[in-house]
């Protein structure tokens, strides 16, 4: 990972990699606030990951964070956070570099779309730097009851299930097997309103999900395994990602045109 690609700036915000223990502690505190966990949200994966922080430029308040665990290929996926909950043996055959996106959260009450745009720009820069071919992770719904999200799950079952060659199998004991339920026509408006923003972004780029959700009572969430083969991202979406990532990476006085550190041509590239 090249430190020189950071910081990235968009509007009122800038993004950079965590620089040490104080930055990590601040990210863990924000995660605890967002996920409503008692005490700092930390686990054994933190030390293996790169942590990206999005702050307000005025005052420095941390408004968003996420972590990335970069793997050389599918043979290493058993050591990922997601592998605790899902049987990922099918993805063990994936041959390209992978990155697990985890602990993505935005400070409650901060709904500025530029926060999510800058986070995706930072993620795009990281994906490009490591030539990641698949981005994956757990996408979370708040709470452990499926009832408020039945339209969302019906939409996922109808349109967004993982290809069979990569589809995760159930690995955790407490799951909601939404794809095995009788088919229903989802209310599209309600389905999208209840869909987590991060998952909506994945799906807009061609992402897919497991056929079941894990009920995670520790974090009080339902989550689905989510994968995105970067080569499958639609060309228009690739251009938009390049435009955002290039604009936020370019120095203010640059005259050589936008930098293009994001998703490349046919190879493209939770919680």
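The values are calculated or read from the model by the stated rules, or taken from the named source; none is laboratory data. Small disclaimer: the values here were computed from a predicted structure and weren't measured. For neighbour counting, all protein chains shown are included, and Cβ atoms are generated from backbone atoms with ideal geometry for every residue, glycine included.
Details
- Test: residue 200 is part of a helix (DSSP H, G or I), under 17 Å from the mean Cα position of the chain (by Cα) and at negative phi: yes
- Here is the figure for the stretch 17-27: residues that are under 17 Å from the mean Cα position of the chain (by Cα) and crowded, with 20+ Cβ neighbours inside 10 Å total 1.
- Residue 151 meets all of the listed conditions (1) touching a strand residue (DSSP E or B) at 6+ places or on another chain (Cβ under 7 Å); (2) part of a helix (DSSP H, G or I); (3) more than 20 Å from residue 227 (Cβ to Cβ) but one, namely (1).
- Flag if residue 132 is buried (at least 23 other Cβ atoms within 10 Å of the Cβ) and in a loop (DSSP other than H, G, I, E, B): yes
- Of all residues in the stretch 71-107, those being buried (at least 17 other Cβ atoms within 10 Å of the Cβ) and assigned to a loop (DSSP other than H, G, I, E, B) number 8.
- With respect to (1) at pLDDT 95 or above; (2) within 18 Å of residue 227 (Cβ to Cβ); (3) surrounded by 13 or more Cβ atoms within 10 Å (Cβ to Cβ); (4) under 20 Å from the mean Cα position of the chain (by Cα), the lone exception for residue 179 is condition (4).
- Within the stretch 35-46, being under 21 Å from residue 112 (Cα atoms) and either crowded, with 19+ Cβ neighbours inside 10 Å or in contact with a helix residue (DSSP H, G or I) (Cβ under 8 Å, 6 or more places away or on another chain) (or both) holds for no residue.
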